[in-house]
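Input: a single structure, listed below in structure tokens.
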Amino acid sequence: MHTSIHYLTKDVESVIHFYTTYLGFNTSHHDTSDHEILNQGHFSLIVNEPDDEKSEELSLANWRIRIEVEELDELIHDLEEDGITLKDSLHTNGKIKEAVVSDPQGNLIELIEKSDPKLLICGCEDVSPYFQ
């Protein structure tokens with residue numbers, strides 16, 4: 001199964017830079033069309049500017065993107081070197097390390113590093129023992 005989010009933004013290039021530079025997304029469509037597709041595994045962001053009718057409706061949504069990373073400490077170092085600050089301090093909950101940053105449009109991104117690669121976080125397994 002493939003999952004995607006349609007991401008409307010007034011600054012497509014800064015979004016592309018953030019997701020490809022820091023979060024390991026690859027571009028699969030970048031030309032004169034009206035959208036860009038960024039992929040990571042079975043997940044895609046379909047990024048484009050809103051049309052004039054939707055432009056006024058653009059505001060921060062009440063949602064977060066959760067992305068698993070392999071070296072969270074290294075990623076945080078790279079982000080901070082480039083002037084991107086954490087919205088919440090890095091913290092560890094059992095076998096999960098997490099931090100929150102904002103992308104260029106202010107959307108919150110939860111960055112997750114698992115110490116156990118078999119650990120599933122999305123309701124596929126009871127994760128409560130990992131948070132004790």
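Each reported figure results from applying straightforward, stated rules to the coordinates on display, with no laboratory input. Just so we're clear, the structure is a prediction, and the values are computed from it rather than from any experiment. All Cβ positions, glycine included, derive from the backbone under ideal geometry; neighbour counts span all protein chains shown.
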### Task
With label points built 7 Å along Cα→Cβ from the Cα atoms of residue 46 and residue 27, find their separation and express it in nm.
1.9
### Query
Which whole-number percentage describes the relative contact order of region 1-50, with Cα contacts under 8 Å and a sequence gap of 6 or more?
47
### Query
What is the dipole size for region 63-119, taken about its Cα centre, with +1 at each Lys and Arg Cβ and -1 at each Asp and Glu Cβ, in debye to the nearest 20?
440
#### Entry: Under the Debye formula (equal points on every Cα, no solvent term), log10 I(q)/I(0) of region 1-50 at q = 0.19, 0.26 Å⁻¹
-0.54, -1.00
### Inter-probe distance in nm under a simple model that places probes 7 Å from Cα toward Cβ, at residue 87 and residue 71
2.6
### Query
Using the C-alpha gyration tensor of region 63-119, what are the square roots of 5 times its eigenvalues, in whole angstrom, with the largest one first?
19, 13, 9
